[in-house]
Structure formats: C-alpha cells, structure tokens
Amino acid sequence: MTPETLAEKVLSATREAFEALGLDAAVLPVQTAVERPRDPKHGDYASNIALQTAKKAGTNPRALAEKITEILAATDGVAKVDIAGPGFLNISLDAAAAGEIAGKVVAAGDSYGTNNSMEGVYANLEFVSANPTGPIHAGGTRWAAMGDALARVMRASGAKLTSEYYVNDAGAQIDHFANSLLARAKGEPTPENGYVGAYIDEIAADVLKARPDALTAPEPIEVFRTVGLELMLNDIKQTLADFGTHFDVFFSEKGLHDRGEIDTAVQRLTDLGHVYEADGAVWLRTTEFGDDKDRVLKNSRGAWTYFASDCAYYLDKRERGFEKLVFMLGADHHGYVGRMQAISRAFGDEPGTMEILIGQFVNLLKNGEPIRLSKRAGNMITLNDVVEAVGVDAARYALTRYSADSMIDLDIDLWTKHGNENPVYYVQYAHSRTHGVLRTARDRGLQLGDGYDASLLDKPQESDLLKALAEFPAVVATAAELREPHRVARYAEELAGAWHRFQNSDSQIVQRVGEEPGPVNVARLWLTESSRIVLVNALGMLGVSAPERM
RNA sequence: GCCUCCGUAGCUCAGCUGGAUAGAGCACCGGACUUCUAAUCCGAUGGUCGCAGGUUCGAAUCCUGCCGGGGGCGCCA
C-alpha cells in the first residue's frame, strides 16, 4: 500500500466516522496526507486528521480518533491503529501490504516517481539568461543546475513545461562587448565600460579567424558585434550542453525589437491606460500594481529601455499560451521583482501567473577561502571553473541540494572527496552497490520471477527501505509544487542511507554460493531492484549520473 | 532609511503550507570486513532552534519588534 492510498483510506474512514457521530462533514479537507513518524514505536505512518478536524466539527479529538480507529483498523492491509497523545493515529501496515511497493516500483520502472500534481499546467520556466557578453558566472551555474532539475521535476509532475533562456542581445551591453572585441583585435586597450578577460582576446581572435576582413570591412564594429555575439552564444550553449542543462528555447531580445513587439506591447499597455509621459520620457504606472516607483519604458533620448523589452517578452510568452511564467533570478535582481510583477498585473493577469524565484549567491571555496579569480574571465568565477574544480556530477549535486534561499559555499575539497562526507558519492555509491548485488544475483541464477512474497520483508531495515521507496512520488510532487528541487537531493540521501543500512544488515540478499535461492532471497532481490530504480530516477531528476561501478 | 535572504549540535545544513522526545553528514570517542563494493554500517557524545513578545489545545515553523550577517534599492543592462 502506498502512503497516498493509505491517506485516502484515512480520509474515507474519517468521513464514515463523521457520519456515525453525526458531525458536519463540510469541515473535512479534500485531501490529507500521512507522515512517517521518527519514532518506530509510533507505527509505520501517522495521521493528525482527528486533531485537525475535531475542533472545527465541535467534538474532542480523542473521541473522534477512537471512532476513526474502529473503522480504519478493519481496512485491508492495516495491521494496527493506535491513538497516541492528544489524538494522533499511529498506523501499522502488515508486511505484505507494505511490501507491495517494490512490485509497483519495478512495474513502473523509469516512470516511478511521476505524478499528476501539476497535470495540465502549461508553464514556461526561464533561468540562467546570462548576458551573451561573457561566460556564465557562479550564480548562473546554480540556476543551470537547479533550473534544469526543477524543469525535470515539474515535467515529472505532469506540467507541460518549456525551458527558456532569454538572450539579451540588444542594447548598450552588446555595444560595450563589440567595442571591447574590436579594441583587442586592434591591440588597443579595453575601452571604458568594456569587458575584460582572456575570453575577450580569444573571441576577438576567433572573429578574425572567421572573418579575416573584419578590420577592413566598411563597418568593423558591426562584424565584431554580429560574429562575436554568435561565437559567445555558441560558447554558452556548448557549456550548458556539456553541463547537461537543456533549454527548449533560446529567445532573442533583438527579435522582439525586430518584430516590432515592443511597440505592440507598449501600445497594449497604453490602451489599458497604464502609460503616461513625463519629463520627456514614457512611463508605465507600475506603482498602481505594488511597485515602489513607476518605470521608464522609453527614455528621453527616445530609446526603449530594457524594461520595455521585459514587457514585450512577457506578452510574447503569454501569447504563446503559457499560463504560468516562472523566472529564476539571482539575489542581486531581487529589486526587480516588484516591477516584474507589475508587468503581469498591468496586462491584467491574475496574481500568481508570474512567479519569481530568487536564489542566493554561490562562493567557490578552496582551503576555506573563497576563490575570486578565474583564468578565463578575470574577476569572476564561471561555470567552467566550477566544473573544472569538482566535475559535472558534484557541481550539479552541490548546487541542487540546498534551498535556493540559502547561500552556498561550495567547498572544492569536500566535493572532490571519495567518501560519505561527500553526499554525491554517498548516493552514487549506494546506486553502484545495487548493481553489485544484481551482478552477483545474475551470476548465481537468482531472478525476480513473476512475483514475490512481500510478507517476507519484515525486518526493520527492510520496512524502512520500503517506506523510503514509497515516498518518492510525493517528494517529487512537493519539489515541483514548491519549486524546491533540493528536496529530491535530500530524499536521495535518505534513500541511499536506507539502502546502505539494508545492505549492511544481516540480511543476505543473494543466496550463498552453492545454495538454492529461497523465497526470501527473491523478495530481497525485488527490494534491491526497486532501490536501484528509484536511485536512478532520483539522480536523473538532478541531472547527475548513476554509475554502475565506482 | 526601505526591500530581501539567512541565523537550528563544534562545522556544513535539512526540517518551516503549525503537530508527538528538533534531524542528517562531518568532526570527536567506542565498535563491525573468511561475505553481494568497509567509498559502508552500528553505538555514544553533542541543542535555552539569534533575542523578546504575540496568535493557539499545540510554534523551529505563523505575526510584530529587536540584534547579527549576505544582497539589493538608476531615464544601466
């Protein structure tokens, strides 16, 4: 029995209890969940439904709990129900019911963990979106890992999701970039507001390689702008691909200008009555929608601002049909939340249509000290620096196992260790141990067969592992709903621990050499195979590899 | 000044859409390899959940204030 099924049974038992006691069933929640108590004395699962509903229904929790218990205890697969404390229900499953989960996992295979909590949600997830004027920095690296994991988790929960990278290929920053390239190509010093770093020299050289006439062309700056941008963007795309981060769409800001979408968007906002002129500029009245101050759409020199592009981009996404627009921004951009939300509201959308996630910074630590310098990019740490320091798997894992709200100090020494102090090794090693067992099983002729006797899995380490396996779909659903992929990483560590403990318990999984396999060996093989599947699926959602041998 | 994130074991952090005696890894101490990977496991030690109020049957979790630290507050992108 899965926790979800049990929760449904708890709810229906409660409904029956309400009826029997003549209480108003309107106070019952639509859904409830059971939790795994820390203390094994509290059974396999616990429910607080009596506590939550008794007061609203005008009765006392214990009396209600007793009635629920009476009904629930008669349910198939439920071994025992105890009332504890003020009215908790402590539920124990019989071993067979608990053991069913391994069969479900094996049957579901790769798809185990998918759920329908976000079924039908048509969402756009924008992340990284680093300016194509330089490599992706450490903060962007965090989003590359976390955004990609979130995309996977949301898709696994049924969302129809497009991952998107906004390319700021218009505006003054690109001019500075092109000027910097041109200057370096001519051997001149970097102009004011220009970009520095070895990568600028590299790209300048590559532009000259691609276009030997670049310096003698009618407008050299245009050659450097166009070719340089393309080279930089390709470099970023390649870096992301090597990192395992996939984007469905790279969306060009310049395209918004070229297609006249900015005029369209501003016209739309004007028609809605939110635009006015003052001090020679054109403004959007964002203060009407909770922003601190109004924002300029077109400056007094007659140029569209970046903010105007944002409006057009928002409208573009909405017209492509997305109902939920999620943005991941760095902490340095948190000041943009107010004006961004105002865009959504100004176009008349409901609160919640736009969702902005803010992620804190990342420091790369060596010997306890932050690293500030990058070989290629000068005064910033890049994605490639992080990967070079710890590898793709450790980098992705390290960047996804923490809440976006907390700052990350990524300690190179820790994340390159081969031991259980390094969480990524701990989880990957658990997975590779499942393969070790499966190899041995194969060698000795032990097979899963058509089924197994789930009631044989009754040791504490076995039932703990079963309960951990059963949790996965709910973890994925919660991670998707709360946009917190780190929950999957923490879960993977918990599962890996449960697996290691099972493996190290005195349970012989495979029969000894020369022995005939018994039904208990078969049952444990099912447990092993389902652990392998869930570890693979969990690591897969984080974009971390699952090696078969280490 | 305003906004925002953080403050939980010696360290790094989970837990926060209110639930039972607050958890994990590391570090420290003591154990377990004739065995499917010991890159593992078991046990012990370790806490006024920054401080003070409030909400309630119940607060690490929600609200208010304060303290300490990170970041942000342009007709820049």
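The values are calculated or read from the model by the stated rules, or taken from the named source; none is laboratory data. Remember, it's a predicted structure, so these values are computed and weren't measured experimentally. No Cβ is skipped: glycine too gets one built from the backbone with ideal geometry, and neighbour counts run over all protein chains shown. In case anyone asks, the SASA skips ligands and DNA or RNA and just uses the protein heavy atoms, side chains included. Shrake-Rupley method; radii C 1.70, N 1.55, O 1.52, S 1.80 Å.
Annotations
- Qualifying residue in the range A:154-171 (condition: within 14 Å of RNA strand B (Cβ to nearest atom), in contact (Cβ under 8 Å) with a residue 24 or more places away in the chain and part of a helix (DSSP H, G or I)): no
- Pair list, Cβ < 6 Å and 6+ apart or interchain, from the range A:115-131 residues that are under 16 Å from A:I236 (Cα atoms) to residues that are of a type in the set (G, A, S): A:F127/A:G147; A:V128/A:G140; A:V128/A:A144; A:A130/A:G140
- Scanning the range A:374-423 for residues that are in a loop (DSSP other than H, G, I, E, B) and more than 9 Å from RNA strand B (Cβ to nearest atom) returns A:K375, A:R376, A:A377, A:N379, A:M380, A:I381, A:G391, A:T416.
- Pick from the range A:425-482, criterion basic (K, R) and in contact (Cβ under 8 Å) with a residue 12 or more places away in the chain, ranking: nearest to RNA strand B (Cβ to nearest atom): A:R433
- For the range A:22-52, the set of residues classified as near RNA strand B (Cβ under 9 Å from one of its atoms), of a type in the set (D, E, K, R) and at pLDDT 85 or above consists of A:E35 only.
- Criterion violated by A:A95 - all others in (1) more than 22 Å from A:S531 (Cα to Cα); (2) open to solvent by 20 Å² or more (accessible area, probe 1.4 Å); (3) aliphatic (A, V, I, L, M) satisfied: (1)
- Tallying residues that are without any contact (Cβ under 8 Å) to a residue 60 or more places away in the chain and in a loop (DSSP other than H, G, I, E, B) within the range A:341-373 yields 11.
- Complete set of residues in the range A:216-261 that are assigned to a loop (DSSP other than H, G, I, E, B) and either within 19 Å of A:F177 (Cα to Cα) or not hydrophobic (A, V, I, L, M, F, W, C) (or both): A:A217, A:P218, A:E219, A:G244, A:T245, A:H246, A:D248, A:R259, A:G260
- Scanning the range A:165-205 for residues that are closer than 27 Å to A:F127 by Cβ and of a type in the set (D, E, K, R) yields A:D169, A:D175, A:E202.
- Residue within the range A:158-180 that is open to solvent by 20 Å² or more (accessible area, probe 1.4 Å) and among the hydroxyl-bearing types (S, T, Y) present: yes
Every residue, every condition in (1) more than 14 Å from RNA strand B (Cβ to nearest atom); (2) under 18 Å from A:Q341 (Cα atoms); (3) of a type in the set (G, A, S), yes or no:
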residue: A:L229; (1), (2), (3): no, no, no
residue: A:K237; (1), (2), (3): yes, no, no
residue: A:D242; (1), (2), (3): yes, no, no
residue: A:S252; (1), (2), (3): no, no, yes
residue: A:L256; (1), (2), (3): no, no, no
residue: A:T286; (1), (2), (3): no, yes, no
residue: A:K298; (1), (2), (3): no, no, no
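- Residue ID - nearest to A:G273 (Cα to Cα), chosen from residues in the range A:343-354 that are of a type outside the set (A, V, I, L, M, F, W, C) and surrounded by 17 or more Cβ atoms within 10 Å (Cβ to Cβ): A:R345
- Considering A:A198, A:A204, the condition of being open to solvent by 30 Å² or more (accessible area, probe 1.4 Å) and small (G, A, S) is satisfied by A:A198 alone.
- When A:K80, A:K55 are checked against the criterion of being open to solvent by 60 Å² or more (accessible area, probe 1.4 Å), part of a strand (DSSP E or B) and either more than 30 Å from A:Y306 (Cβ to Cβ) or more than 10 Å from RNA strand B (Cβ to nearest atom) (or both), A:K80 stands alone in meeting it.
- Which listed residue is closer than 16 Å to A:I91 by Cα, among the acidic types (D, E) and either near RNA strand B (Cβ under 8 Å from one of its atoms) or part of a helix (DSSP H, G or I) (or both), from A:E66, A:E19: A:E66
- Check on A:T270, modelled with pLDDT under 95 and of a type outside the set (A, V, I, L, M): no
- Search result, residues across the range A:442-487 that are open to solvent by less than 20 Å² (accessible area, probe 1.4 Å) and in contact with a strand residue (DSSP E or B) (Cβ under 8 Å, 6 or more places away or on another chain): A:F472, A:V476
- All positions within the range A:113-138 that are outside any loop (DSSP other than H, G, I, E, B) and open to solvent by less than 20 Å² (accessible area, probe 1.4 Å): A:A123, A:N124, A:L125, A:E126, A:A138
- Pick from the range A:84-94, criterion modelled with pLDDT of 90 or more and under 34 Å from the mean Cα position of the chain (by Cα), ranking: nearest to RNA strand B (Cβ to nearest atom): A:N90
- Listed conditions (1) open to solvent by less than 20 Å² (accessible area, probe 1.4 Å); (2) touching a Pro at 6+ places or on another chain (Cβ under 6 Å); (3) outside any helix (DSSP H, G or I) are all met by A:P86, apart from (1).
- Within the range A:483-512, the set of residues being within 18 Å of A:R401 (Cβ to Cβ), in a loop (DSSP other than H, G, I, E, B) and near RNA strand B (Cβ under 8 Å from one of its atoms) comprises A:E484 only.
- Matching residues, the range A:289-340, being touching a helix residue (DSSP H, G or I) at 6+ places or on another chain (Cβ under 8 Å), open to solvent by 40 Å² or more (accessible area, probe 1.4 Å), in a helix (DSSP H, G or I) and more than 26 Å from A:A138 (Cα to Cα): A:F289
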